Amino acid sequence: MIRLLVHMMALLLLLESGEADAALFGKKAKRISYEKEIKPLLVKYCYDCHGNGKKKGGLSLDKFTDLASIAQDRKSWEHILKNVKGGEMPPDDEEQPTQSERDQIIAWIDTEVFQADCDNPDPGRVTIRRLNRAEYNNTIRDLVGVEFNPADDFPVDDVGYGFDNIGDVLSLPPVLLEKYYAAAEKILDEAIVTTGQPLKGPKQRIEAETLKTTADGSFPYSGKAFALNKEGEIYHTIKIEKGGEYFLVARAFGQQAGKEPPKLEFRVDSNKVGVVEVRATEPHPKEYSVKLHLEPGEKRLAAAYINNFVNRSEDRNLIIDYLEVVGPLSVEPYPETHRRIFELPQPMKSETAQAEAILERFAKRAFRRPVQPEEVKRLMHLYEVAREEKVSFEEGIKVALSAILISPHFLFRGELQPEPDNPASVHLINEHALASRLSYFLWSTMPDEELTRLADRKQLRKNLERQVQRMLKDPRSRRLVDNFASQWLQIRNLMNIAPDKETFPGFDDSLREAMRKETELYFDYVMRENRSVLEFLDSDYTFVNERLAKHYGIKEVHGEEFRKVTFQKRERGGLLTQASILTITSNPTRTSPVKRGKWVLENVLGSPPPPPPPDVPELSEEKETVLSGSLRQRMEQHREKTLCSSCHSRMDPIGFGFENFDGIGAWREQDGKFPIEPGGQLVSGESFQSAAELKQILVSKKREEFLRCLTEKMVTYALGRGIEYYDKCATEEVLGRLAKKEYRFSELVLAIVESTPFQKRRGEGERLAAK
């Protein structure tokens with residue numbers, strides 16, 4: 001024990017003196033020089049394609065003369081690092097660096113280009129961003145309780161870094177501001193009852209064709225309505241069985257003319273009981289009503305047109321679809337949406353106190369934080385101004401609530417910044433901001449009562465693990481599937497895919513929907529069952545219904561219901577062999593090894609290829625060319641061109657590994673009359689003979705690349721910003737935790753939630769200058 005303590009003390013002294021590396025590794029660490037040690041290696045191995053004026057794949061190394069110029073384009077160096085680490089560059093037909101030289105380049109990029117102080121990490125900052133359409137719909141539903149989706153009428157959200165919740169691209173065009181005003185009105189009209197307690201009763205409808213009239217020149221209109229072209233009435237006699245309160249209703253519209261709209265007068269036994277102005281027009285007729293008391297007996301009910309107008313060019317008319325009697329009326333409870341807003345835990349002494357309590361509670365939930373007295377005061381002013389106009393209590397509250405729903409504090413997700421101009425200032429976000437980050441990450445909506453209560457008590461950070469587990473089990477976590485998984489995997493594109501009907505006659509909308517459902521259920525299962533995220537790459541199960549099972553050649557599956565099935569062979573299993581992904585990475589008439597390989601590089605390995613150079617000819621689809629060889633043979637001829645070979649050598653082997661799956665994901669053994677050859681070799685040297693072997697290479701040899709890619713994708717989605725070089729420390733920490741916890745899904749989420757970028761933020765501006 002004493003010897004162990006002595007060794008530990010010696011190690012601490014070494015660490016403090018800066019000589020730990022020398023003691024542990026037998027040599028003193030030294031700084032690598034770009035000009036003297038790295039640039040000569042780049043000149044030797046890379047400049048034939050990327051230097052001396054050459055710009056293959058859009059990359060030129062000529063501009064990188066020192067660290068300052070390198071710091072201006074770290075994105076390019078991210079790709080260089082991934083390619084050198086993965087052995088993908090230089091291409092295998094070029095002179096290769098020794099492993100020592102490769103390690104030296106990697107070490108220099110890691111330590112100099114992406115220098116990050118993990119003892120004092122930079123958490124970055126997120127641009128204040130508005131709620132996207134999905135978040136707006138979910139937040140309104142959870143805040144107010146209405147069941148329609150008002151944001152479906154908004155402009156489509158822009159996408160950045162593969163996701164539509166990125167602050168830097170979520171702009172606010174003028175048309176969207178107009179939509180916010182209209183949506184607020186529609187939401188509150190749906191939610192709040194402003195005409196007193198709702199009334200209901202049995203209905204008796206009298207269609208237009210059964211009505212009689214006293215108006216000369218009146219006639220049936222379009223077969224189902226009655227047109228009053230002159231002053232007069234339409235009427236009908238009914239028997240009232242029970243006395244009480246009733247509504248007399250007429251659905252009508254007007255042919256507008258003159259200075260006023262048509263006026264409709266309701267009559268009972270020739271006595272006037274109410275008058276309304278009919279401003280509705282033919283495309284959108286409306287129901288107009290009057291409330292009245294009726295005693296039992298025969299009643300003559302009428303609707304009269306009382307203000308006819310005609311001149312040489314205009315003719316005002318009233319058209320009535322039907323009359324309706326509703327009653328006797330009984331009191332109906334207020335709808336849940338109304339009660340959610342107006343019911344308070346305890347009665348207030350006055351209407352003013354009640355209004356203040358309602359507005360403060362609603363604003364706190366809508367703004368996702370405690371509200372300040374001054375904010376409540378401004379809302380109360382709106383309420384009071386409305387009440388001065390003699391509107392009802394509910395109408396006054398509705399005016400103030402409209403202001404909340406169009407407030408930037410509701411529409412935008414922002415966080416308090418104590419020192420906005422000091423990029424060196426790093427601080428924990430407060431617990432309400434943390435609750436909001438957490439709920440929009442996992443649920444795409446506002447925090448619920450439990451998260452808010454913990455934030456109020458400053459107890460959320462102490463209970464993060466329990467809350468993450470609770471939230472992942474909650475049905476609302478399905479939104480992580482809808483909004484993260486569907487964008488990461490790009491299966492939203494499936495709705496726009498149109499395979500050629502002649503080539504794939506079996507493809508229809510029911511198969512399209514089954515493809516999408518399989519992938520969503522698969523992701524959801526890994527998430528809810530807390531499985532290893534490596535099962536995204538490979539497994540022995542999936543979820544199918546009868547339609548999809550038939551497509552896959554799986555027997556004994558019947559009905560529309562999806563169920564879990566286990567594969568005897570490993571040709572399928574994991575996301576990469578699911579029909580949704582295989583279909584979106586195909587062309588309308590055939591498979592596309594390029595698209596499939598590119599998809600894997602981008603979404604699984606995190607090393608997207610550069611865009612193709614201009615004027616690259618498309619692969620010929622002429623009949624004679626197609627009949628001359630398999631797709632693989634034709635593509636191999638195509639990529640013999642030097643211009644194409646470097647990128648295709650990365651993409652094509654991966655894509656050809658999935659050639660046994662046709663353009664809509666069905667298994668096949670031949671490409672036309674030519675046998676499928678799914679074998680290949682990755683540029684990093686690994687060989688495979690089938691999709692099953694390729695998936696195993698990804699699980700075993702490319703595990704780190706996949707885990708890093710998935711982590712970076714999820715961090716991007718969780719934060720609403722792109723990954724930066726200073727996020728390296730957090731990423732490494734997440735990967736370390738994943739490895740220790742068997743790569744469980746919940747550990748990925750929890751590690752992200754507890755990471756520095758998620759928990760903290762810094763001031764505005766660039767924190768670190770290039771050295």
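The residue list 292, 301, 318 contains one member that is within 24 Å of residue 207 (Cβ to Cβ) and in contact with a His (Cβ under 7 Å, 6 or more places away or on another chain), which is 301. Of all residues in the stretch 706-729 being at pLDDT below 95 and part of a helix (DSSP H, G or I), which is most open to solvent (accessible area, probe 1.4 Å)? Looking at the filtered set, the residue picked out is 728. In the set (1) assigned to a helix (DSSP H, G or I); (2) closer than 16 Å to residue 601 by Cβ; (3) not polar (S, T, N, Q), residue 77 fails one condition alone, (2). Inspect the stretch 306-320 for any residue being at negative phi, of a type in the set (D, E, K, R), open to solvent by less than 20 Å² (accessible area, probe 1.4 Å) and touching a residue at least 24 places away in the same chain (Cβ under 8 Å) and give the result as yes or no. The answer is yes; a qualifying residue exists.
Matching residues to (1) modelled with pLDDT of 95 or more; (2) in contact with a strand residue (DSSP E or B) (Cβ under 6 Å, 6 or more places away or on another chain); (3) under 29 Å from residue 59 (Cβ atoms):
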| site | (1), (2), (3) |
| --- | --- |
| 534 | yes, no, no |
| 546 | yes, no, no |
| 550 | yes, no, no |
| 555 | no, no, no |
| 565 | yes, yes, no |
| 578 | yes, no, no |
| 584 | yes, no, yes |
| 608 | no, no, yes |
| 618 | no, no, yes |
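Filtered by the rule that a residue be within 30 Å of residue 553 (Cα to Cα), part of a helix (DSSP H, G or I) and of a type in the set (Val, Ile, Thr), the stretch 452-507 gives 481, 491. Filtering the stretch 246-280 to residues that are part of a loop (DSSP other than H, G, I, E, B) and open to solvent by 60 Å² or more (accessible area, probe 1.4 Å) leaves 256, 259, 260, 269, 270, 279.
Restricting attention to the stretch 389-416, the residues that are touching a helix residue (DSSP H, G or I) at 6+ places or on another chain (Cβ under 9 Å), farther than 19 Å from residue 355 by Cα and part of a helix (DSSP H, G or I) add up to 3. The residues of the stretch 563-604 that are open to solvent by 20 Å² or more (accessible area, probe 1.4 Å) and under 24 Å from the mean Cα position of the chain (by Cα), listed by number, are 584, 595, 598, 602.
Has the stretch 738-746 got any residue that is open to solvent by less than 30 Å² (accessible area, probe 1.4 Å) and either small (Gly, Ala, Ser) or more than 23 Å from residue 85 (Cα to Cα) (or both)?
The first filter runs over the stretch 738-746 and keeps only residues open to solvent by less than 30 Å² (accessible area, probe 1.4 Å), leaving 738, 745-746.
Next, from what is left, pick out any that are either small (Gly, Ala, Ser) or more than 23 Å from residue 85 (Cα to Cα) (or both): 745-746.
Yes, some residue in the stretch 738-746 is open to solvent by less than 30 Å² (accessible area, probe 1.4 Å) and either small (Gly, Ala, Ser) or more than 23 Å from residue 85 (Cα to Cα) (or both).
In the stretch 146-170, the qualifying residues are those that are closer than 16 Å to residue 712 by Cα and of a type in the set (A, V, I, L, M, F, W, C), and the one that is surrounded by the most Cβ atoms within 10 Å (Cβ to Cβ) is 166.
Return the residue satisfying two criteria in turn: it lies in the stretch 65-80 and is polar (S, T, N, Q) and free of Cβ contacts under 8 Å to residues at least 24 places away in the same chain, and of such residues it is most open to solvent (accessible area, probe 1.4 Å). Filtering the stretch 65-80 for residues that are polar (S, T, N, Q) and free of Cβ contacts under 8 Å to residues at least 24 places away in the same chain, the one most open to solvent (accessible area, probe 1.4 Å) comes out as 65. Every test in (1) among the acidic types (Asp, Glu); (2) over 25 Å from the mean Cα position of the chain (by Cα); (3) open to solvent by less than 60 Å² (accessible area, probe 1.4 Å); (4) modelled with pLDDT of 80 or more is passed by residue 110 save one, and that test is (4).
Output the residues belonging to the stretch 365-414 that are open to solvent by 60 Å² or more (accessible area, probe 1.4 Å), under 26 Å from the mean Cα position of the chain (by Cα) and without any contact (Cβ under 8 Å) to a residue 60 or more places away in the chain. Within the stretch 365-414, 408, 409 qualify. Scanning the stretch 758-771 for residues that are over 15 Å from residue 442 (Cβ atoms) and at pLDDT 95 or above yields a single hit, 759. Of all residues in the stretch 546-562, exactly one satisfies the criterion of being open to solvent by less than 100 Å² (accessible area, probe 1.4 Å) and without any contact (Cβ under 8 Å) to a residue 12 or more places away in the chain, namely 554. For the stretch 39-56, the tally of residues that are surrounded by fewer than 19 Cβ atoms within 10 Å (Cβ to Cβ) and within 14 Å of residue 84 (Cβ to Cβ) stands at 3. Is it the case that residue 163 is among the aromatic types (Phe, Trp, Tyr), at pLDDT 85 or above and closer than 22 Å to residue 404 by Cα? Judged against the criteria, residue 163 is not a match.
The values are calculated or read from the model by the stated rules, or taken from the named source; none is laboratory data. Source: prediction; values computed, not measured. A quick note on method: Cβ atoms are made from the backbone with ideal geometry, for glycine too, and the neighbour counts reach across all protein chains shown. Quick note on the areas: whole protein, heavy atoms, side chains included, nothing else; ligands and nucleic acids left out. Shrake-Rupley method; radii C 1.70, N 1.55, O 1.52, S 1.80 Å.
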